[in-house]
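Structure first, commentary second.
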Amino acid sequence: MVRCAHCGLHLPESESVRSADGQDYCSPAHQTSGPRTGLPS
Ligand SMILES: [Zn+2]
């Protein structure tokens, strides 16, 4: 499982979108939006 760097959603790595900098996202739209800080850990 990986976590979307934008919205924090957990999803299987096989369904994630990985950006060039190694961040994982749930969708191309969130990859475009980029990482968002301040997510609850
Ligand atoms: Zn997301």
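A short reminder: the numbers here are calculations on the coordinates, not readings from a lab. These numbers were taken from a predicted model, which means no experiment stands behind them. Please note: Cβ atoms are built from the backbone with ideal geometry, for glycine as well, and neighbour counts cover all protein chains shown.
Checking every one of the trypsin sites (Lys or Arg not before Pro) in the chain against DSSP loop status and a limit of 14 other Cβ atoms within 10 Å picks out R36. Counted residue by residue at 0.36 nm each, then reduced by the alpha carbon distance between them, the extension gain from A20 to M1 reaches 5.0 nm.
A simple count of charges around R18, restricted to other residues whose Cβ falls under 14 Å of its Cβ and scoring Lys, Arg +1 and Asp, Glu -1, yields -3.
When Rg and the Kirkwood Rh are both derived from Cα coordinates, the Rg/Rh ratio for the chain amounts to 0.92.
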